[in-house]
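Visitor: Encoded as structure tokens, here's the structure I'll be asking about.
The values are calculated or read from the model by the stated rules, or taken from the named source; none is laboratory data. Since this is a predicted model, take the numbers as computed values, not measurements. Note that we place each Cβ from the backbone using ideal geometry, even for glycine, and neighbour counts take in every protein chain shown. We work out accessible area using only protein heavy atoms, side chains counted, and drop any ligands, DNA or RNA first. Shrake-Rupley method; radii C 1.70, N 1.55, O 1.52, S 1.80 Å.
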Amino acid sequence: MLTTGRQAEDYAGKWLKNKRLSILESNYHSRWGEIDIVAMDDNTICFIEVRYRKSNNFGTAAESVTSSKQQRIIRTAHAYLHEHRQYITRPARFDVITLTGSLDKPVIDWYKDAFIMNAS
């Protein structure tokens, strides 16, 4: 049986495919962390964090992507690009997909360019 988080990631992956993105990898792991979905949107490589909340009573799903979580995703994206050099010259972005409500038919929000890599 899939965990709730994995169900949300699978749902988001199917939803992104319907939006014409090509899924390159799901649940990519490095020593720095995990990226839920790596996808191509035209010529842009997208590192996508998927967050699920049954309700917003304790904050929204988007609010749960903290600065420290963003930094782990950025470091993990560097590792991915180091391993997959064919994408290193492509434009890249960091997206967040949130799912709220029942996983049978959740409300989905897609935050393109949800955060950026700092120059420091």
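Visitor: Residue check: is Glu9 open to solvent by 10 Å² or more (accessible area, probe 1.4 Å), part of a helix (DSSP H, G or I), of a type outside the set (Ser, Thr, Tyr) and under 20 Å from Phe115 (Cα atoms)?
Guide: So Glu9 fits the description; yes.
Visitor: Taking Thr44, is it touching a Ser or Thr at 6+ places or on another chain (Cβ under 9 Å), within 19 Å of Trp15 (Cβ to Cβ) and surrounded by 12 or more Cβ atoms within 10 Å (Cβ to Cβ)?
Guide: On the way: touching a Ser or Thr at 6+ places or on another chain (Cβ under 9 Å): no; within 19 Å of Trp15 (Cβ to Cβ): yes; surrounded by 12 or more Cβ atoms within 10 Å (Cβ to Cβ): yes.
Judged against the criteria, Thr44 is not a match.
Visitor: Ok, one more. Starting from region 1-24, keep only residues that are farther than 15 Å from Lys54 by Cα and touching a residue at least 24 places away in the same chain (Cβ under 8 Å), then list their pairs with residues that are among the hydroxyl-bearing types (Ser, Thr, Tyr) and surrounded by 12 or more Cβ atoms within 10 Å (Cβ to Cβ) whose Cβ atoms are within a distance under 8 Å, requiring at least 6 positions of separation or different chains.
Guide: Gly13/Ser26
Visitor: In addition: Pairs only if they're at least six apart or on different chains, beta carbon under 7 angstrom, first in region 95-112 and closer than 13 Å to Gln7 by Cα, second acidic (Asp, Glu); list them, first residue then second.
Guide: If the second residue must be acidic (Asp, Glu), the pairs left are Thr98/Asp109.
Visitor: Tell me which residues, restricted to region 14-35, are in contact with a Gly (Cβ under 7 Å, 6 or more places away or on another chain) and polar (S, T, N, Q).
Guide: Of all residues in region 14-35, those in contact with a Gly (Cβ under 7 Å, 6 or more places away or on another chain) come to 23, 26.
Hit for region 14-35 is Ser26, nothing else.
Visitor: If you don't mind, there's one more thing I want to ask. For residues that are part of a helix (DSSP H, G or I), more than 19 Å from Ile116 (Cβ to Cβ) and not polar (S, T, N, Q), tally how many sit in region 41-97. Let's see the steps before the verdict.
Guide: Going through region 41-97, the residues part of a helix (DSSP H, G or I) turn out to be 62-64, 67-83, 85-87.
With the extra rule that they be more than 19 Å from Ile116 (Cβ to Cβ), the set shrinks to 82-83, 85-86.
Among the residues that remain, those that are also not polar (S, T, N, Q) are: 82-83, 85.
So the count comes out to 3.
Visitor: Quick one: would you say Ile37 is touching a helix residue (DSSP H, G or I) at 6+ places or on another chain (Cβ under 9 Å), without any contact (Cβ under 8 Å) to a residue 24 or more places away in the chain and either under 14 Å from Ala114 (Cα atoms) or in a strand (DSSP E or B) (or both)? If you could, list the steps in order and put the result at the bottom.
Guide: Values: touching a helix residue (DSSP H, G or I) at 6+ places or on another chain (Cβ under 9 Å): yes; without any contact (Cβ under 8 Å) to a residue 24 or more places away in the chain: no; either under 14 Å from Ala114 (Cα atoms) or in a strand (DSSP E or B) (or both): yes.
Considered against the rule, which asks whether it is touching a helix residue (DSSP H, G or I) at 6+ places or on another chain (Cβ under 9 Å), without any contact (Cβ under 8 Å) to a residue 24 or more places away in the chain and either under 14 Å from Ala114 (Cα atoms) or in a strand (DSSP E or B) (or both), Ile37 comes out as no.
Visitor: Which one is modelled with the highest pLDDT among residues in region 4-42 that are farther than 19 Å from Thr76 by Cα and hydroxyl-bearing (Ser, Thr, Tyr)?
Guide: The selected residue is Ser22.
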